[in-house]
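> First, the structure itself, so that you have it in front of you.
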Amino acid sequence: MTKIALNEHFTFGKLLRFTLPTIIMMVFTSIYSVVDGFFVSNFAGKTPFAAVNLIMPVIMAVAALGFMIGAGGTALVSKVMGEGDREKANRYFSMLVIVRSEERRVGK
């Protein structure tokens, strides 16, 4: 596997290697909402489908917050671990778990 150093020339292929996991995650999230709508509309009817369409933006907003905390948090923890400060990385990780748990508790 080739390592990518950010100080060398950045090509489209290298950019794609960095962004591909996030792109795949968003595609599967979008497919989830389409499939959910398909099954609800075909098997439950018009009124439940309307309810799903009303609540789906809220669900996506909560998911976006989770994706943001997850992706940004892991980047921060990885950076600090790469700098060799394992204690600080453990504190950051613990903070992320607590924030995510509180977000989940408030969302219920």
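> Pairs, please: C-beta under 7 Å, at least 6 apart or cross-chain, first residue in contact (Cβ under 8 Å) with a residue 40 or more places away in the chain and part of a helix (DSSP H, G or I) and in the stretch 57-71, second among the hydroxyl-bearing types (Ser, Thr, Tyr) and surrounded by 14 or more Cβ atoms within 10 Å (Cβ to Cβ)?
So the pair list comes out empty.
> Do we have LEU65 as at pLDDT below 85, under 27 Å from VAL27 (Cα atoms) and surrounded by 14 or more Cβ atoms within 10 Å (Cβ to Cβ) here?
Yes, satisfied.
> Here's a follow-up. Answer yes or no: is there a residue in the stretch 78-98 that is among the polar types (S, T, N, Q), at pLDDT below 85 and surrounded by fewer than 12 Cβ atoms within 10 Å (Cβ to Cβ).
No, the conditions are met nowhere in the stretch 78-98.
> Only one of ILE55, ILE31, ILE24 is at pLDDT 85 or above, closer than 19 Å to GLY72 by Cα and out of contact with any strand residue (DSSP E or B) (no Cβ under 9 Å at 6 or more places or on another chain); which?
It is ILE24.
> What pairs can you find where one residue is in the stretch 1-16 and part of a loop (DSSP other than H, G, I, E, B), the other is modelled with pLDDT of 65 or more, and their Cβ atoms are less than 7 Å apart, with a gap of 6+ or different chains?
So the pair list comes out as ILE4/LYS14; ILE4/ARG17.
> Let me ask you something else. For residues that are under 24 Å from VAL106 (Cβ atoms) and not charged (D, E, K, R), tally how many sit in the stretch 27-52.
5
The values are calculated or read from the model by the stated rules, or taken from the named source; none is laboratory data. Note that the structure is predicted; figures quoted are calculated from it, not measured. With ideal geometry, Cβ positions are generated from the backbone for all residues, glycine too; neighbour counts draw on all protein chains shown.
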